[in-house]
1. Please identify the pairs in which a residue from region 34-52 that is closer than 10 Å to residue 10 by Cβ has its Cβ atom under 6 Å from the Cβ atom of a residue that is part of a helix (DSSP H, G or I), counting only partners at least 6 apart or on another chain.
2. So is residue 58 touching a residue at least 40 places away in the same chain (Cβ under 8 Å) and out of contact with any helix residue (DSSP H, G or I) (no Cβ under 6 Å at 6 or more places or on another chain) or not?
3. Can you pull out the helices (runs of 4 or more DSSP H) entirely within the chain that have at least 2 residues that are open to solvent by 70 Å² or more (accessible area, probe 1.4 Å) and modelled with pLDDT under 95?
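The values are calculated or read from the model by the stated rules, or taken from the named source; none is laboratory data. Worth saying up front: this structure is predicted, and the values here are computed from it rather than measured. Neighbour counts are summed over all protein chains in view; Cβ atoms, including those assigned to glycine, are modelled from backbone coordinates with ideal geometry. Quick note on the areas: whole protein, heavy atoms, side chains included, nothing else; ligands and nucleic acids left out. Shrake-Rupley method; radii C 1.70, N 1.55, O 1.52, S 1.80 Å.
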Amino acid sequence: MGNATATPKYYSRKEVQEMLGIGKNLMDRYIADGYISYSRPDGDKMFFSQKDIDDFMQNYRHEAFHNTYAYGTRA
């Protein structure tokens with residue numbers, strides 16, 4: 001049987017950049033502007049938890065909308 005509480009996985013900056021499909025400059029901006037949270041246990045390297053990434057994605061999620069004119073169905 002598995003452990004009921006899994007240890008959270010942490011990712012490096014490079015891994016997060018790859019996951020989000022962004023470059024170093026945009027990642028730096030997200031960090032500097034406080035858009036994405038991180039941990040820095042040794043005071044040097046940054047680590048990002050899956051929760052940090054999920055929170056970032058949820059906070060900057062845009063709802064889809066349906067434009068009826070785009071589909072040629074005018075009211």
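1. 46/13; 48/16
2. For residue 58, the condition - touching a residue at least 40 places away in the same chain (Cβ under 8 Å) and out of contact with any helix residue (DSSP H, G or I) (no Cβ under 6 Å at 6 or more places or on another chain) - is not met.
3. Helices (runs of 4 or more DSSP H) meeting the threshold: 50-59.
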